[in-house]
1. So which residues in the stretch A:69-101 are among the polar types (S, T, N, Q) and surrounded by 20 or more Cβ atoms within 10 Å (Cβ to Cβ), if there are any at all?
2. Within the stretch A:205-223, how many residues turn out to be crowded, with 23+ Cβ neighbours inside 10 Å and within 14 Å of chain B (Cβ to nearest Cβ)?
3. If a residue must be surrounded by fewer than 24 Cβ atoms within 10 Å (Cβ to Cβ) and among the charged types (D, E, K, R), how many such residues does the stretch B:277-295 contain?
4. Which residue, of A:Glu198, A:Glu206, is closer than 28 Å to A:Arg309 by Cα and charged (D, E, K, R)?
5. Among the listed residues A:Ala28, A:Ala114, A:Ala124, which satisfies the condition of being assigned to a loop (DSSP other than H, G, I, E, B) and within 30 Å of A:Glu167 (Cβ to Cβ)?
6. Please determine, by comparing only the residues of the stretch B:4-25 that are in a helix (DSSP H, G or I) and at pLDDT 95 or above, which one is nearest to the other protein chains (Cβ to nearest Cβ).
7. Within the stretch B:99-111, restricting attention to residues that are among the polar types (S, T, N, Q) and part of a helix (DSSP H, G or I), which residue is farthest from the other protein chains (Cβ to nearest Cβ)?
8. Given the criteria touching a residue at least 40 places away in the same chain (Cβ under 8 Å), assigned to a strand (DSSP E or B) and within 20 Å of A:Cys402 (Cα to Cα), does A:Leu338 qualify?
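The values are calculated or read from the model by the stated rules, or taken from the named source; none is laboratory data. Keep in mind that this is a model prediction, so the values were computed, not measured. Cβ sites come from the backbone with ideal geometry, for glycine too, and all protein chains shown count toward neighbours.
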2 protein chains.
Amino acid sequence: MTSAKASAKGSAKFDYAPLLPAGLPAAAARWTGLARYSFVGGNNDAEQVPVADLKAAAEAALTREGHTLATYGLASGPQGYLPLRNFIADKLKRDAGINCTSDEILMVSGSLQALDLVNQALLARGDTVIIERDCYQGSINRLTRMGVNIVGIPLDDDGMRMDALAEALADLKAKGIRPKYIYTIPTVQNPTATIMPESNRRILLELSAEYGVPVFEDDCYADLIWDHKRPPAIHALDTTGCVIHIGSFSKSVAPALRVGYIVAPWEIMSHMLALKTDAGSGALEQMVLAEYSAAHFAAHVPKATRGLRAKLDTLMDALNEQFGTAAEFEEPKGGIFLWVKLPDNVDAMQLYQAALRAGVSINPGPEWSVDKAYAHSHIRICFASPSHEEIREGIAVLADVCRKEFGVPERIANVTQG
Amino acid sequence: MTSAKASAKGSAKFDYAPLLPAGLPAAAARWTGLARYSFVGGNNDAEQVPVADLKAAAEAALTREGHTLATYGLASGPQGYLPLRNFIADKLKRDAGINCTSDEILMVSGSLQALDLVNQALLARGDTVIIERDCYQGSINRLTRMGVNIVGIPLDDDGMRMDALAEALADLKAKGIRPKYIYTIPTVQNPTATIMPESNRRILLELSAEYGVPVFEDDCYADLIWDHKRPPAIHALDTTGCVIHIGSFSKSVAPALRVGYIVAPWEIMSHMLALKTDAGSGALEQMVLAEYSAAHFAAHVPKATRGLRAKLDTLMDALNEQFGTAAEFEEPKGGIFLWVKLPDNVDAMQLYQAALRAGVSINPGPEWSVDKAYAHSHIRICFASPSHEEIREGIAVLADVCRKEFGVPERIANVTQG
């Protein structure tokens, strides 16, 4: 249309290229829809969205206080809808052992905005931070774009390795570098799904105190543990205010609702609040979630996790059937993803491209790790969104693609490939 | 609680101050609620929020596609909920003369996120932009924080003065400076409420083409014109793709719903989309707004503006009664605010502080202008949120405060002050 108009009137197309600043991320590609078999992103099981209860919550909340939508931030001010903050304070006390009041909670537009606000409040170009070596892509990308030096700590079955963390902190101190924070996803770590035991959380806090480095605790998956036995949050074990804790409703209720939160001392929250220049996060979503959660959250989560656990079983069965010993993984204790090691000759980036052409999307390990060589043959497979049938079919297609590209997995004798 | 815990366990409070980067904005103060008489912010009339229709929209949208909340961005991808983009494309065609498709629209979390995305896609520290001399505080503050040089163009009754713009562009060119954009709120300008006539919009586009500077058109108040006769958007008059157009539902439906949009060519939108790393704006708000707007938007807006027009009359009557000739203003053709000139000896910043102590909040002119001296005695008064009675009472209190602080307005003979 632009070109038609332009040619009709003889106008040249405006050229933005000379105006773009240095350092922009690559331009986005046009969206072409989800893959036929989509094992990426934090999408949930569509069947688990509690639609009827959300409708009732919307009806009740709007009836009672819909008129407050005329005011930015409703009647609750810039920290977000007070009944939701009160629910979160109660939930964090009950589930994570955190003692906080609604005054220490800032509602944000998904935990991604929490990442941005914490980063903006603490980081400048050239700063150093410590994170888990294998880590959420969005966290890594944000730090890279800000020009921050990232020190990645390897993980074992207990999450971030405390010996490696101690060593890294000592090394940095010897170089005169005080990292700005230690970022961890301690409970259902992304992508390894490990859970840091309480003993390690206490060591982490000791190291934090020794080196004067705050802990940035990202607990967005912590609700989704199969046996619902989670260790106390790191925030709960702290007595000094050195922990910034963030969470989300994306994984427990619905990702398209953009509602997350930050728990932090006012000393640093006051800076994040000053940086939150969006006139508040979406009020309708906060109202509906608060209304819904007060009545249904506690019962919903076990139901949702049972569904996730069943899908994980399907995924592990499919991997065993299709890949045999070529796919190595630890059985997660919760969450929505599996971190899979394929044979060393598999280039996960190449597999990612080839699988996408075959209708299967996966996360290639190098995008989820600061150690690209370590993660060369790893992939992350999200299992919440596809159906059981799609999981089985998609993993079969993935195995076919992998075999064609890399010769592994070898064809397994007792399985007929479609 | 932190201090109690700390003293109980003997732990010192963690000190964030040494970790804060240079250049942070001032920390936020704790929220203490709205003023008794609040004439600030873009808040709407609570009575005008269409609660019943929003409830019905939530019920219908959730019934039909609530399960899609399991997927980030619903089934519409990262540009936002497709039915809402389709509504906006139709609305912009009908109301503003803009020819665009849903592919050229990006849904964002209020037009404040639009400001951030446009700025991030085009600006670096040290760049120069052109804006209206008197301008939305949030726009000025964003540019100041980014370290961008601001050239303010004076306004007359027709908005941004084209002679002054031509002069500024020529001056900058002589200095070898190509501004990154010309930012304008052409339709119900904030704070002057002026409307730029079509002839000036065409001149603006000619200047844009001559100097190779894109136009950043912020049209968030354009729905609220008393006679509903708005000129075509600048975007509608352009044939080259040089205009980035943004809009919002905050003023027309409800500000606490954080839903705005950007209309731009893919060449620049693809960069903004890459910078929008929030996994989509709130889906429930987009679904409900789309459902609501398709059925009710066109009828709602005239009803809402009639209410605003009546409140403006009350405000102008109250100002005439309380301030007499000491308050100078032009009658706006639309919007939610009045830009008032008080006598030269009134220091608007001082008046703002004194009025706040008396329970009246206003916007002091120097915060809404890049020329602090020019705006020294100006104030912005928003009239949408307070009731008619609150407008009358609040303006009486404001006049009392102003009289005590500055000796103006003089007591008016035939009015008994309370």
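1. Filtering the stretch A:69-101 down to residues among the polar types (S, T, N, Q) leaves A:71, A:76, A:79, A:86, A:99, A:101.
A:Thr71, A:Ser76, A:Gln79, listed by residue number.
2. Let us first name the residues in the stretch A:205-223 that are crowded, with 23+ Cβ neighbours inside 10 Å, namely A:213-223.
This time we only want the ones that are within 14 Å of chain B (Cβ to nearest Cβ), so: A:213-217, A:220.
Adding up the residues that qualify gives 6.
3. Result for the stretch B:277-295: 1.
4. Going through A:Glu198, A:Glu206 in turn, the sole match is A:Glu198.
5. Details: A:Ala28 fails: within 30 Å of A:Glu167 (Cβ to Cβ); A:Ala114 fails: assigned to a loop (DSSP other than H, G, I, E, B).
Result of the check over A:Ala28, A:Ala114, A:Ala124: A:Ala124.
6. Taking the stretch B:4-25 and keeping what is in a helix (DSSP H, G or I), we get B:4-9, B:17-19.
Now narrow it down to the ones that are at pLDDT 95 or above: B:17-19.
Values: B:Ala17: 8, B:Pro18: 8, B:Leu19: 6 Å.
Once the filter is applied, the top-ranked residue is B:Leu19.
7. Taking the stretch B:99-111 as the starting set, the residues that turn out to be among the polar types (S, T, N, Q) are B:99, B:101-102, B:109, B:111.
Now restrict to residues that are part of a helix (DSSP H, G or I): B:102, B:111.
Details: B:Ser102: 12, B:Ser111: 9 Å.
Here the answer is B:Ser102.
8. Working: touching a residue at least 40 places away in the same chain (Cβ under 8 Å): yes; assigned to a strand (DSSP E or B): yes; within 20 Å of A:Cys402 (Cα to Cα): yes.
It is true that A:Leu338 is touching a residue at least 40 places away in the same chain (Cβ under 8 Å), assigned to a strand (DSSP E or B) and within 20 Å of A:Cys402 (Cα to Cα).
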